[in-house]
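Asks: One structure coming up, written as structure tokens, with questions to follow.
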Amino acid sequence: MNELLKKAEWMNSDDVRPYVFVRHENEIAQPGSIHRLDWFKNSPIFKDPLDVKEIGFADRIYSIEERAFGPSNMAMPRWVFYDCAVMPGFVAGFAARPKFLSKVVRDILDPKKYPASQSPIKTSKVLKEIESLDEMDWVPLSLFIIIPTMHKGEWVAHNLCSVNSLLPKEEQFYGLGFLSKAFGLWYANVEQCSGMTQWGSPALKLHSHYGHLEVIGAYAPVHSHAKTITYRVQVNTHCWEKFFNKESDLAFLERYGPTGTFIDPKSEDSMMDLQQKIELEQGPYFLSAGEIAQKNLDEKLMIYRLKQQY
Ligand SMILES: CC(C)(COP(=O)(O)OP(=O)(O)OC[C@H]1O[C@@H](n2cnc3c(N)ncnc32)[C@H](O)[C@@H]1OP(=O)(O)O)[C@@H](O)C(=O)NCCC(=O)NCCS
């Protein structure tokens, strides 16, 4: 196993594998051929979301997702998953054999205790309900959705969540959320990835580590959550390593300098200020992954820009 992944020892088990939940037409032609990386040795499990038999797998994904995003009122409606994820894009994550899971994890993923709340499985006469995780071959533990955009080569990261957000620290699979997105980007040969997340979200600790993170929108009143950052990264696997080894990113420090201005996750004014600068094309502006990693979620973040602009 790669030394960097020592903290994610669950990756070592043959009972945990990456999965791709993708319709046949959207399968990736030459997976993992652009980013040179030896992290994902176990071949993925394939699941077809258009296959009715996979409703149980999909419902376990929904069950994690609705609890992870419920508190922020952003649980994904089933039609959004189908119309905006499965049809145009690509869904990936990690899944485990039921026997691999501890009692606590089994409990949190239990289909009887935590059914997917909008699933048709309860009322349908043609679908068979799952009574226990043991009926499943693989149990999903995380979810990452990417969708290709009209801008050639650019994908949008649409959703990321992991069962870790529902578990006590000692039961968590370290790096599960981070590695789910990393696997998806690697597998689908994604070179440019945009995304959206809320200022102050723990997800920013992850999203900032896939490449130098440019802020392309600091305030998004068109979104249901206006205090949303819209970002873009050129995917660079050298940055991924730093998520695990916590080394400083010298290339970032060489290229970008602090502007002396900050985003305060509690201040809409700070978001609007940066948004206006972006709209006036005074950027590009960046955030430092190393700094985000060290800070608490509610702390101010320094805005960086290129040291030399030609
Ligand atoms: C955000 C989320 C995807 C992170 O995935 P995860 O599997 O929990 O996190 P990972 O194990 O990959 O990463 C661990 C790192 O993230 C940090 N982290 C994760 N959740 C955190 C939290 N709630 N507060 C602070 N840091 C957090 C850990 O401290 C750790 O950093 P460290 O190495 O410095 O200790 C997951 O918590 C989640 O599903 N949250 C709810 C949904 C959500 O907000 N999704 C993101 C929307 S864009």
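The values are calculated or read from the model by the stated rules, or taken from the named source; none is laboratory data. Note that the structure is a prediction, hence the values are computed from the model and not measured. Here the Cβ positions follow ideal geometry from the backbone for every residue, glycine too, while neighbour counts run over all protein chains shown.
Asks: So, of the residues in the range 263-299 that are in a helix (DSSP H, G or I) and touching an Asp or Glu at 6+ places or on another chain (Cβ under 8 Å), which turns out to be surrounded by the most Cβ atoms within 10 Å (Cβ to Cβ)?
Replies: Top of the filtered list is Ala289.
Asks: With a cut-off of at least 3 residues that are touching a helix residue (DSSP H, G or I) at 6+ places or on another chain (Cβ under 8 Å), name the strands (runs of 3 or more DSSP E) lying wholly within the range 1-109.
Replies: Those strands (runs of 3 or more DSSP E) span 16-21, 90-96.
Residue by residue, here is whether (1) assigned by TED's automatic domain parsing to the domain that holds Asn12; (2) crowded, with 17+ Cβ neighbours inside 10 Å; (3) not β-branched (Val, Ile, Thr) holds:
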site	(1), (2), (3)
Val86	yes, yes, no
Gly93	yes, yes, yes
Lys99	yes, no, yes
Asp110	yes, no, yes
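Asks: Here's something else I'd like to know. For the range 180-202, which positions are closer than 15 Å to Ala92 by Cα and within 12 Å of the ligand (Cβ to nearest atom)?
Replies: Matches in the range 180-202: Ser180, Lys181, Ala182, Phe183.
Asks: Residue check: is Ile130 within 23 Å of Val22 (Cβ to Cβ), touching a residue at least 12 places away in the same chain (Cβ under 8 Å) and more than 23 Å from the chain's Cα centre (by Cα)?
Replies: On the way: within 23 Å of Val22 (Cβ to Cβ): yes; touching a residue at least 12 places away in the same chain (Cβ under 8 Å): yes; more than 23 Å from the chain's Cα centre (by Cα): yes.
It is true that Ile130 is within 23 Å of Val22 (Cβ to Cβ), touching a residue at least 12 places away in the same chain (Cβ under 8 Å) and more than 23 Å from the chain's Cα centre (by Cα).
Asks: Between Lys205, Lys242, which is closer than 25 Å to Ala75 by Cα, in a helix (DSSP H, G or I), within 16 Å of the ligand (Cβ to nearest atom) and in contact (Cβ under 8 Å) with a residue 40 or more places away in the chain? Reasoning before the result, please.
Replies: Values: Lys242 fails: closer than 25 Å to Ala75 by Cα.
Exactly one of Lys205, Lys242 is closer than 25 Å to Ala75 by Cα, in a helix (DSSP H, G or I), within 16 Å of the ligand (Cβ to nearest atom) and in contact (Cβ under 8 Å) with a residue 40 or more places away in the chain, namely Lys205.
Asks: Then there's this: Which residue out of Ala218, Ala182 is under 18 Å from Ile292 (Cβ atoms) and assigned by TED's automatic domain parsing to the domain that holds His35?
Replies: None of the others qualify; the one that does is Ala182.
Asks: Working only within the range 147-174, note down all residues that are out of contact with any strand residue (DSSP E or B) (no Cβ under 9 Å at 6 or more places or on another chain), of a type outside the set (A, V, I, L, M) and outside any helix (DSSP H, G or I). If you could, list the steps in order and put the result at the bottom.
Replies: Let us first name the residues in the range 147-174 that are out of contact with any strand residue (DSSP E or B) (no Cβ under 9 Å at 6 or more places or on another chain), namely 150, 152, 165-171, 174.
Within this subset, residues satisfying the condition of being of a type outside the set (A, V, I, L, M) are 152, 165, 168-171, 174.
Once the filter is applied, which keeps residues that are out of contact with any strand residue (DSSP E or B) (no Cβ under 9 Å at 6 or more places or on another chain), of a type outside the set (A, V, I, L, M) and outside any helix (DSSP H, G or I), the range 147-174 yields Lys152, Pro168, Tyr174.
Asks: Away from the ligand (no atom under 12 Å from the Cβ), within 12 Å of the chain's Cα centre (by Cα), crowded, with 23+ Cβ neighbours inside 10 Å and not hydrophobic (A, V, I, L, M, F, W, C): is that true of Gly177 in this structure?
Replies: no
Asks: Can you name every residue in the range 272-301 that is among the hydrophobic types (A, V, I, L, M, F, W, C) and more than 23 Å from the chain's Cα centre (by Cα)?
Replies: Answer for the range 272-301, where residues must be among the hydrophobic types (A, V, I, L, M, F, W, C) and more than 23 Å from the chain's Cα centre (by Cα): Met272, Leu274, Ile278, Leu280.
Asks: Taking only the range 1-49 into account, find how many residues are surrounded by 15 or more Cβ atoms within 10 Å (Cβ to Cβ) and within 16 Å of the ligand (Cβ to nearest atom).
Replies: Of the residues in the range 1-49, 10 are surrounded by 15 or more Cβ atoms within 10 Å (Cβ to Cβ) and within 16 Å of the ligand (Cβ to nearest atom).
Asks: Restricting attention to the range 116-146, which residues are modelled with pLDDT of 95 or more, part of a helix (DSSP H, G or I) and surrounded by fewer than 14 Cβ atoms within 10 Å (Cβ to Cβ)?
Replies: Matches in the range 116-146: Pro120, Asp134, Glu135.
Asks: Sticking with this structure for a sec: Before we move on, is Lys122 more than 24 Å from the chain's Cα centre (by Cα), within 18 Å of Arg67 (Cα to Cα) and in the same structural domain as Pro18 (by TED's automatic domain parsing)?
Replies: no
Asks: Has the range 217-230 got at least one residue that is out of contact with any Ser or Thr (no Cβ under 6 Å at 6 or more places or on another chain), crowded, with 19+ Cβ neighbours inside 10 Å and assigned to a helix (DSSP H, G or I)?
Replies: Among the residues of the range 217-230, not one is out of contact with any Ser or Thr (no Cβ under 6 Å at 6 or more places or on another chain), crowded, with 19+ Cβ neighbours inside 10 Å and assigned to a helix (DSSP H, G or I), which makes the answer no.
Asks: Restricting to the range 140-160, name every residue that is under 20 Å from Trp39 (Cα atoms), within 10 Å of the chain's Cα centre (by Cα) and within 10 Å of the ligand (Cβ to nearest atom).
Replies: Listed by number, the residues that qualify are Ser142, Leu143, Phe144, Leu160.
Asks: Another question, if that's okay. List the pairs whose first member sits in the range 53-64 and is in the same structural domain as Phe21 (by TED's automatic domain parsing) and touching a residue at least 40 places away in the same chain (Cβ under 8 Å), whose second member is within 16 Å of the ligand (Cβ to nearest atom) and of a type in the set (Phe, Trp, Tyr), and whose Cβ atoms are under 7 Å apart, counting only residues at least 6 apart or on separate chains?
Replies: Ser63/Tyr114
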